[in-house]
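The values are calculated or read from the model by the stated rules, or taken from the named source; none is laboratory data. The structure presented is a predicted model; accordingly, all values stated were derived computationally and were not measured. Cβ sites come from the backbone with ideal geometry, for glycine too, and all protein chains shown count toward neighbours. To get the accessible areas, we keep the full protein, side chains included, count just its heavy atoms, and leave off ligands, DNA and RNA. Shrake-Rupley method; radii C 1.70, N 1.55, O 1.52, S 1.80 Å.
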Amino acid sequence: MFHFGGASCNNCDIEILACLTPRFDVERFGMQLVGTIRHADVLLVNGSINQKDKVRLLELYEQAPKPILVVAIGACGCTGGIFAEGNTFAGPVDKIIPVDAYIPGCPPKPEAIIAGIVKLLHK
Amino acid sequence: MSKIIPIGPYHPLQEEPELFKLYCEGEIVKDIKWETGYNHRGIEKLSESKTFDQVFFLVERVCGICSTSHPFAFANCMEEIADIEITNRTKYIRSIIGELERIHSHLLWLGLAGHFLGYNTVFMWVWKYREPVLDLFEMITGNRNSYAMFKIGGVRRDIPNDKIPAIQEVLDGLKKKLDLLTGAVMDDPVIHARTKGVGVLTREDIIDYAAVGPTARASGVDIDVRRDDPYAAYPLVNWKVITAKEGDVFAKVEVRLLEMYESVSIIEQCLEGLKNEKEGDIEVPIDEIPAGMGTGRAEAPRGEVFHFVRTDGSNFPVRHKIRAPSYVNIATFRKSCIGQTISDATISLAAVDPCYCCTERMAYAYDAVTGKKLLNGSELVKLSQDRTDEIRKKSN
Ligand code: SF4
């Protein structure tokens, strides 16, 4: 999994990190955060996407080995959430790249994130 | 000829996007530049389109880690404008939430610092012990991270007295874990070797850069908004401001660890205080917010949060200005990192506990090829004016 944090409030990012730590421990499902998109099978995107992020997100998607699963995390990732009316907002994730799963919540609980990704793995 | 080492913007563990450029000669960092803006959301502007009640939810999302400090400062600010005196029960509840947040934030930082040192055991253990604190939050507020507890003149939910023993139990467990962590960190020769004398900020540096919070306190600058400009229940309880002299990374670890003990003690005293107050007495009625200006301050885990609001008697803020602590703390990188080796630079960067979400302001744009600055302040103003003209023409 590769984690792309857009213009977020950080909570979703923290909850993604929390998934790695002992209480939730996603490694038991064989998931691991990786340092570069070229090693990833899943792209986690959270936060609203601003003008500056949009270019980078597109570039990352371009570089990703296909097929890649994209997961939009949090209200921001799914719709833009509270920041959707912001002056720098460049569209929710699915207007920029195709999204395979949405995990709503502000922030979604780690359990929800894990459930979402595991469901995706079964697909 | 110096080489540029980029860190970020999407670093797998630093949870927020930001880009550091270390200009290195050999192993030594000669200069550092950083670039933010990946996280800019235009919150101050958004705030002007929200009613006062809604602004709380917005400022909570300035930063997820200190998602109480911003509502705290905003509440202080609005209560100054409307001249409201809140009830004692509200004060206690606010302080409890604020201090719980400090504990969770410091633990989070300690874990990340461990990771940056290459000490992942610390990361995993600390984050494990952080979970009970989040459980407490879930019990009190219903959410692990964004609590939605504050409103003008009060809090949204009470802490019923019959929950107090359960909270106390978690705190007791937490104290044991803090002892364990303090022992493990303070006695570990590897951590000593990696953090002592690294990233030193002297007292003068702190004053020059106007740094705040634990960053300042670790260099012997004794400032804390909770004591200097008392708010909520802090004047009602006994506690002390923790400082250290050395100013290195180790001192920052020490200050944060000891602060957590203080926080636990503050929470315990607040819980005692709650028992003497009437249950449910958690808000004062407010008719309207008069026109005026107000400032509010609060001590976030990272330092002073400052809010300024101007109102005009309507339901919306006319201007809302936010200054977050990392905004000033990040500038100290130039002092703490230059001259260090690359491996020490990363922990020095992490040591101020930077939080980019809070910090995002308009960033300069650089041309990647020529390195020329594309926009400066006046050009931006001009851009904005041109845009207004354009819209005006269209609407005519
Ligand atoms: S969805 Fe909520 S918690 Fe997640 S980044 Fe957005 S505002 Fe923050």
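Just the residues that are surrounded by 19 or more Cβ atoms within 10 Å (Cβ to Cβ) and not aliphatic (A, V, I, L, M), please, taken from the stretch A:87-101.
A:THR88, A:PHE89, A:PRO92
Which one is farthest from the other protein chains (Cβ to nearest Cβ), of the residues in the stretch B:31-54 that are of a type in the set (A, V, I, L, M, F, W, C) and over 18 Å from the mean Cα position of the chain (by Cα)?
B:ILE32
When the stretch B:227-249 is examined, which residues are found to be surrounded by 23 or more Cβ atoms within 10 Å (Cβ to Cβ) and in a helix (DSSP H, G or I)?
Answer for the stretch B:227-249, where residues must be surrounded by 23 or more Cβ atoms within 10 Å (Cβ to Cβ) and in a helix (DSSP H, G or I): just B:VAL249.
Which one of the conditions (1) touching an Asp or Glu at 6+ places or on another chain (Cβ under 7 Å); (2) under 30 Å from A:GLN63 (Cβ atoms); (3) more than 12 Å from chain A (Cβ to nearest Cβ); (4) crowded, with 24+ Cβ neighbours inside 10 Å does B:LEU22 fail to meet, given that it meets all the rest?
Among (1) touching an Asp or Glu at 6+ places or on another chain (Cβ under 7 Å); (2) under 30 Å from A:GLN63 (Cβ atoms); (3) more than 12 Å from chain A (Cβ to nearest Cβ); (4) crowded, with 24+ Cβ neighbours inside 10 Å, the lone unmet condition for B:LEU22 is (1).
Is one or more of the residues making up the stretch B:71-94 within 11 Å of chain A (Cβ to nearest Cβ), out of contact with any Ser or Thr (no Cβ under 6 Å at 6 or more places or on another chain) and either among the charged types (D, E, K, R) or closer than 25 Å to A:GLU15 by Cα (or both)? Give the steps one after another, and end with the answer.
In the first step, residues of the stretch B:71-94 are kept if they are within 11 Å of chain A (Cβ to nearest Cβ); the result is none.
Scanning the stretch B:71-94, I find no residue that is within 11 Å of chain A (Cβ to nearest Cβ), out of contact with any Ser or Thr (no Cβ under 6 Å at 6 or more places or on another chain) and either among the charged types (D, E, K, R) or closer than 25 Å to A:GLU15 by Cα (or both), so the answer is no.
Which residue is most open to solvent (accessible area, probe 1.4 Å), if the candidates are limited to the stretch A:8-23 and must be more than 11 Å from the ligand (Cβ to nearest atom) and within 21 Å of A:CYS76 (Cβ to Cβ)?
Filtering first and then ranking leaves A:LEU20.
State which residue is farthest from B:CYS63 (Cα to Cα) when the search covers only the stretch B:136-155 and only residues that are without any contact (Cβ under 8 Å) to a residue 40 or more places away in the chain, open to solvent by 10 Å² or more (accessible area, probe 1.4 Å) and more than 10 Å from chain A (Cβ to nearest Cβ).
Top of the filtered list is B:MET139.
Would a scan of the stretch B:69-83 turn up a residue that is crowded, with 19+ Cβ neighbours inside 10 Å and either outside the structural domain of B:VAL237 (by TED's automatic domain parsing) or part of a loop (DSSP other than H, G, I, E, B) (or both)?
No, there is no match, as no residue in the stretch B:69-83 is crowded, with 19+ Cβ neighbours inside 10 Å and either outside the structural domain of B:VAL237 (by TED's automatic domain parsing) or part of a loop (DSSP other than H, G, I, E, B) (or both).
Looking only at the stretch B:141-155, count every residue that is outside any strand (DSSP E or B) and either within 22 Å of the chain's Cα centre (by Cα) or within 16 Å of the ligand (Cβ to nearest atom) (or both) and tell me the total.
So the count comes out to 10.
Quick one: is A:ARG56 open to solvent by 30 Å² or more (accessible area, probe 1.4 Å), basic (Lys, Arg) and in contact with a helix residue (DSSP H, G or I) (Cβ under 7 Å, 6 or more places away or on another chain)?
It is false that A:ARG56 is open to solvent by 30 Å² or more (accessible area, probe 1.4 Å), basic (Lys, Arg) and in contact with a helix residue (DSSP H, G or I) (Cβ under 7 Å, 6 or more places away or on another chain).
Conditions: (1) of a type outside the set (Gly, Ala, Ser); (2) open to solvent by less than 30 Å² (accessible area, probe 1.4 Å); (3) in contact with a Leu (Cβ under 8 Å, 6 or more places away or on another chain). B:VAL212 meets all but one. Number of the miss?
The failed condition is (3).
Here is a list: A:LYS52, A:LYS95. Which entry is closer than 26 Å to B:PHE57 by Cβ and within 14 Å of chain B (Cβ to nearest Cβ)?
Matching residue, one of A:LYS52, A:LYS95: A:LYS52.
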